[in-house]
Amino acid sequence: MTDALKRLSDEGVAIWLDDLSRKRITSGNLAELIDEQHVVGVTTNPSIFQKAISQGDGYDTQLTELAARKVTVEEAIRMITTADVRDAADILRPTFDATGGTDGRVSIEVDPRLAHNTLATLAEAKQLAWLVDRPNTLIKIPATRAGIPAITETIGRGISVNVTLIFSLERYREVMDAYLSGLEKAKAAGLDLSKIHSVASFFVSRVDTEVDKRLDALGTDEAKAARGKAAVANARLAYEAYEEVFGSDRWAVLDRAQANKQRPLWASTGVKDKAYKDTMYVDDLVAPNTVNTMPEATLYAVQDHGSITGDAVRGTYDQARADLAALEKLGISYNEVVQLLEDEGVDKFESAWNDLLKSTEAELKRLAPSEG
């Protein structure tokens with residue numbers, strides 16, 4: 001029943017679920033996905049929590065207690081989201097122990113409104129790590145210009161990080177450099193590097209969505225032929241960069257100190273265009289020592305009809321470069337697309353956070369005890 005997912009796992013791809021809710025935890029669904037669908041990690045973001053809290057009554061008990069204490073909306077959100085992440089981390093703890101800390105991880109994101117403030121991002125990362133208080137947590141920090149030094153400082157303090165919202169190859173190299181710099185700081189401080197982990201979340205489907213829109217506007221035969229190639233090409237070249245950095249002399253020094261490689265994580269792997277196979281961003285990005293975090297629908301699609309035929313990345317780099325070069329010839333600027341996607345990504349998470357504030361505030365008012 002789960003042969004395709006098992007094959008994926010056997011190829012060195014860690015299967016993570018891109019979703020979390022109180023109901024998923026309390027119903028036993030998360031535990032079931034771990035036992036039956038080879039899920040070994042969970043990622044969250046503001047959009048996921050906004051959806052979870054605004055649907056159903058799973059949070060009513062905690063919200064009622066928070067309302068009685070008259071906590072602020074922001075404190076309520078932190079109490080709710082960290083409780084979910086803590087509980088999910090406990091469910092995944094056996095996986096964490098069995099994999100020596102590589103998997104069994106749950107991610108929680110810093111407030112996206114801090115994405116352009118280095119010091120605030122670092123302070124928030126430290127606070128979240130303290131609040132959740134589980135060794136198998138990853139603190140998500142966006143790969144904005146201000147986020148890069150925050151990644152170094154957070155890693156340097158021994159806090160494991162999921163770097164999110166990576167779209168460009170240039171920014172990805174900056175992320176890997178920030179990770180190595182953080183490890184070097186941690187090493188100088190005498191920290192145990194074997195306990196520090198990181199993934200770099202390279203976003204996939206949104207690249208095709210934006211590029212295809214521009215190709216459709218051109219409407220030529222060449223443009224039509226280029227549809228649906230940019231996202232996979234971009235991710236494959238990211239893996240080439242990963243191989244280069246983690247095969248370098250600089251890495252070798254850290255490797256001897258028992259450091260862990262920062263794994264590429266394929267994010268945004270739900271296919272948006274119905275013209276494409278719904279498992280494309282899983283099937284075409286199989287490579288050793290990677291993570292693929294999937295929405296539930298994609299997970300079940302892979303289980304049902306995924307085509308996992310071995311390493312789909314190494315050996316494809318020349319074709320990937322040719323696919324991106326073809327876009328430039330058509331007048332579609334790679335740099336413009338990836339910068340737009342980074343800006344939009346931060347804006348979308350910030351908007352989801354604001355929606356989360358509003359819906360949580362409304363719930364606190366609804367459940368507040370009457371005075372008297």
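The values are calculated or read from the model by the stated rules, or taken from the named source; none is laboratory data. As the structure is a computational prediction, the values presented were derived from the model and not from experiment. Backbone-built Cβ (ideal geometry, glycine too); neighbour counts: all protein chains shown. For accessibility, only protein heavy atoms count, side chains too; no ligands or nucleic acids. Shrake-Rupley method; radii C 1.70, N 1.55, O 1.52, S 1.80 Å.
Within the range 358-372, residues that are under 14 Å from GLN55 (Cα atoms) reach partners that are at pLDDT below 90 and assigned to a helix (DSSP H, G or I) with beta carbons closer than 7 Å, at six or more positions or on different chains, in the pairs SER359/GLN50; SER359/ILE53; SER359/SER54; THR360/ILE53.
State the number of residues belonging to the range 330-343 that are of a type outside the set (Ser, Thr, Tyr) and free of Cβ contacts under 8 Å to residues at least 24 places away in the same chain. Reasoning before the result, please.
Of all residues in the range 330-343, those of a type outside the set (Ser, Thr, Tyr) come to 330-332, 335-343.
Retained after the next criterion (residues that are free of Cβ contacts under 8 Å to residues at least 24 places away in the same chain): 336, 343.
Total meeting the criteria: 2.
Residues that are closer than 15 Å to ALA89 by Cα and modelled with pLDDT under 95 within the range 24-52 are absent altogether. The criterion of at least 2 residues that are open to solvent by 30 Å² or more (accessible area, probe 1.4 Å), in contact with a Phe, Trp or Tyr (Cβ under 6 Å, 6 or more places away or on another chain) and not acidic (Asp, Glu) is met by none of the strands (runs of 3 or more DSSP E) falling completely within the range 110-205.
Would you please name the residue that is farthest from LEU367 (Cα to Cα), looking only at residues in the range 87-99 that are open to solvent by less than 60 Å² (accessible area, probe 1.4 Å) and of a type outside the set (S, T, N, Q)?
Taking the range 87-99 as the starting set, the residues that turn out to be open to solvent by less than 60 Å² (accessible area, probe 1.4 Å) are 88-89, 91-92, 95-96, 99.
After this cut, where a residue has to be of a type outside the set (S, T, N, Q) as well, the list is 88-89, 91-92, 96.
Details: ALA88: 26, ALA89: 28, ILE91: 29, LEU92: 32, PHE96: 37 Å.
So, considering only residues that are open to solvent by less than 60 Å² (accessible area, probe 1.4 Å) and of a type outside the set (S, T, N, Q), the one farthest from LEU367 (Cα to Cα) is PHE96.
Looking at the range 241-325, none of the helices (runs of 4 or more DSSP H) lying wholly inside it contains 1 or more residues that are closer than 24 Å to LYS195 by Cβ and at pLDDT below 95. Listed here are the helices (runs of 4 or more DSSP H) enclosed by the range 2-84 that have at least 1 residues being open to solvent by less than 40 Å² (accessible area, probe 1.4 Å) and closer than 27 Å to THR290 by Cα: 3-10, 22-26, 29-36, 46-54.
Just one residue in the set LEU324, LEU341, LEU330, LEU299 is within 30 Å of GLU222 (Cα to Cα), touching a strand residue (DSSP E or B) at 6+ places or on another chain (Cβ under 8 Å) and either among the hydrophobic types (A, V, I, L, M, F, W, C) or open to solvent by 80 Å² or more (accessible area, probe 1.4 Å) (or both); that residue is LEU341. Taking the criterion of being open to solvent by 60 Å² or more (accessible area, probe 1.4 Å) and in contact with a Leu (Cβ under 8 Å, 6 or more places away or on another chain), would at least one residue in the range 346-367 satisfy it? No, the range 346-367 contains no residue that is open to solvent by 60 Å² or more (accessible area, probe 1.4 Å) and in contact with a Leu (Cβ under 8 Å, 6 or more places away or on another chain).
Looking at the structure I just gave you, is TRP266 of a type outside the set (Ser, Thr, Tyr), touching a residue at least 12 places away in the same chain (Cβ under 8 Å) and crowded, with 23+ Cβ neighbours inside 10 Å? Criteria met by TRP266.
Could you list all residues from the range 288-307 that are out of contact with any helix residue (DSSP H, G or I) (no Cβ under 9 Å at 6 or more places or on another chain) and either closer than 10 Å to GLY270 by Cα or among the charged types (D, E, K, R) (or both)?
We begin by selecting, within the range 288-307, every residue out of contact with any helix residue (DSSP H, G or I) (no Cβ under 9 Å at 6 or more places or on another chain); these are 288, 291, 293, 295, 297, 300.
Selection gives THR293, PRO295, ALA297.
Residue check: SER107 meets all listed conditions (1) under 17 Å from ARG93 (Cβ atoms); (2) outside any helix (DSSP H, G or I); (3) free of Cβ contacts under 8 Å to residues at least 40 places away in the same chain but one, namely (3). Is it true that TYR334 is among the aromatic types (Phe, Trp, Tyr) and farther than 21 Å from THR209 by Cβ? In short, no.
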